[in-house]
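Trainee: Encoded as structure tokens, here's the structure I'll be asking about.
A short reminder: the numbers here are calculations on the coordinates, not readings from a lab. Quantities reported herein were computed from a predicted structural model and do not represent experimental measurements. Cβ placement follows ideal geometry from the backbone for every residue including glycine, while neighbour counts extend to all protein chains displayed.
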Amino acid sequence: MNVEREGGRGANQLRPMDCSRNVLSRAHGSASCSHGETKVIAAVFGPKSGTKKNENPEKACIEIIWKPKTGQIGKPEKEFEMILKRTLQNICLLTIHPNTTTSIIVQVAHDDGSLLPCAIHATCAALVDAGFPLKSLAVAICCCLTENGHIILDPSKLEEQKMKAFVCLVFPSSVNSVLPEGSTDASAKSTEQGIITSLTRGVMTVDDYFHSVEQGRAAVTPLSNILRKKMQSQFASNLSKAS
Amino acid sequence: MVGLSLGEQNFIKGGISQDLRTDGRKRLTYRPIFVETGIIPQASGSARVKLGVTDVIASVKAELGRPNPSYPDKGKVSIYVDCSPTAEPTFEGRGGEEFSTELSSALQKCLLGGKSGAGAGIDLSSLCIVGGKVCWDLYIDGLVVSSDGNVLDALGAAIKAALSNTAIPKVQVSANASSDEQPEVDVSDEEFLQFDTSGVGRHYIADATTAEESQMSSAVSLSINRQGQICGLMKRGGAVLDSSMILDMISVAKHVSEQLIKRLDSEIAAAEACDDDEMEL
């Protein structure tokens, strides 16, 4: 039942992930995230006063600009912008800064598959770096369904092109709460297990979809711990620099 | 669409939790569908679908073109949706661009399948004429004339009707002759469903109107084919949903989609019969 993958990766094995904050000096917040060869840089500017024409002024507005590595901005970029915006609207606390706009610029440095999860991680790290209020972080993962029905995680670009179907999932990261145990109500716990965003492409059976969700979620828990550790270690070094 | 007062919002939410929506429908009932085909004579195929107040027109134009070098034995299909300002005053100029991009990309994903073309609603190899040199390019255009919620479903139905109405001339390569037989484009049947959840009580409804859509906390668009496989599942942000709820929605979607496919097929057949009668006169 073992699937042959390039580089000898297992079906459930993710590529090495790296995330660093504060990579750009003039942005209010910035981060760069890489999954293997795929690398994305995100910069946050804001909050600036005023919202755009059709947006609700009682909440903060998030504006995403997606810049591809090469070529002009077209439909796929607009689609990514919309997906990122909707996903971030779920994890941000928008009522703290009403009537403001925060711009997030996402620059793709290299695309080797699994681009959307990498962008989501970079954006979350950049928002943390900027000090934007968030409910929780988001962790994302891509799953692919091969011709013979196996599910593999975190595909590279070559693998993506041969796939029968493709699922991209975003989950809320686990919350490290300062409240004592027992005071969080049951609804908060159940939302931790949920799905924020899910996009599929290609045909798959319902069972395949749910297997991908389970496998993705199982892989995502260590991933969210890794992300948190990377950000925490940088906070410690920031403090030491300041002092 | 003016904002809703608190009283109206509570009325909608309360009604949904009691399985009685503001227009008297149950949670999973669709609005009456009205299909008209062949409305644009210059196009290869066209259809107009009215889903309650939501009104969309789809047209299919076929042109000869070169296939993509990486897929030499497949034709090309491009889907574009335009939101007319008659639907919403905010759609004027560039205002409707975001919405139309969302609709186009959702429809493209559902109809054209994965990157390798696997599982597509339209069989692209049937559009090939001479491998690597000549193929049919299908340009599917959608126009949203009036929008009262659930535009995606109406567009899916309109595209399906337009494609079943499409007649492409049969092309024979030898001696530059083209005969005039009218085969129809090969479309595997599938249905689009959009499921929205309302904020209160974890209930979900199908075929929401604009007022109900403004109250929903998250929306899931599901596209299921006849074999019960998922052709596309899109949940873009919104409230966090448990996977058990999504499983529920998928099983309800299958059930409702069977009824919808039957209704749609009978409507399309009735519309085509009308067309044939008119042509005979």
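Trainee: Using a 10 Å Cβ count of at most 12 others and DSSP loop calls, identify the longest part of chain A lacking such trypsin sites (Lys or Arg not before Pro).
Mentor: Longest run free of exposed loop sites: A:70-243.
Trainee: Can you pull the mean other chain C-beta count within 10 Å for peptide B:98-111?
Mentor: If you average over the peptide's residues, the count of other-chain Cβ atoms is 3.
Trainee: OK, next. Please list the non-local residues whose amide H lies under 5 Å from the amide H of B:THR22, H modeled 1.01 Å from N, same-chain partners needing a gap of 5 or more.
Mentor: Distant-sequence amide H within range of B:THR22: zero hits.
Trainee: Same structure again: Add +1 for every Lys or Arg and -1 for every Asp or Glu among the other residues with Cβ under 9 Å from the Cβ of A:GLY149, and state the total.
Mentor: Surrounding charge for A:GLY149 is -1.
Trainee: Let me ask something additional. Can you list the GluC sites (Glu not before Pro) in the stretch A:96-166 that are in a DSSP coil and have 14 or fewer other beta carbons within 10 angstrom?
Mentor: Here the GluC sites (Glu not before Pro) that fit, given the DSSP loop and packing criteria, are A:GLU147.
Trainee: The stretch B:1-51: which trypsin sites (Lys or Arg not before Pro) are DSSP loop and have at most 14 other beta-carbon atoms within 10 angstrom?
Mentor: Loop-located and lightly packed - B:LYS26.
Trainee: Partner chain Cβ atoms within 10 Å, averaged over the residues of A:71-80 - can you pull that number for me?
Mentor: Numbers: counts 0, 0, 0, 1, 6, 2, 1, 7, 9, 1.
Counting other chains' Cβ atoms within 10 Å and averaging over A:71-80 gives 3.
Trainee: Further, regarding this structure: For chain A, what does the helix formula give at 222 nm: sum of -39500 (n - 2.57) over DSSP H segments with n ≥ 4, over the residue count, nearest 500 deg cm²/dmol?
Mentor: Only helices count here, giving -11000 deg cm²/dmol.
Trainee: Any chance you could give the angle, 0 to 90 degrees and rounded to 10, that helix A:206-242 forms with the longest Cα principal axis of chain A?
Mentor: Long axis of A:206-242 versus the principal axis of chain A: about 40 degrees.
Trainee: Another question, then. Is there a simple number for the mean count of other chain Cβ atoms within 10 Å of the Cβ of residues in A:89-101, and what is it? Mind dumping the intermediate values first?
Mentor: Values: counts 3, 7, 2, 0, 0, 0, 0, 0, 0, 0, 0, 0, 0.
Mean shielding count: 1.
Trainee: If you take every residue apart from A:ARG9 with its C-beta less than 9 Å away from the C-beta of A:ARG9, what net charge results, scoring Lys and Arg +1 and Asp and Glu -1?
Mentor: So the environment of A:ARG9 carries a net charge of 0.
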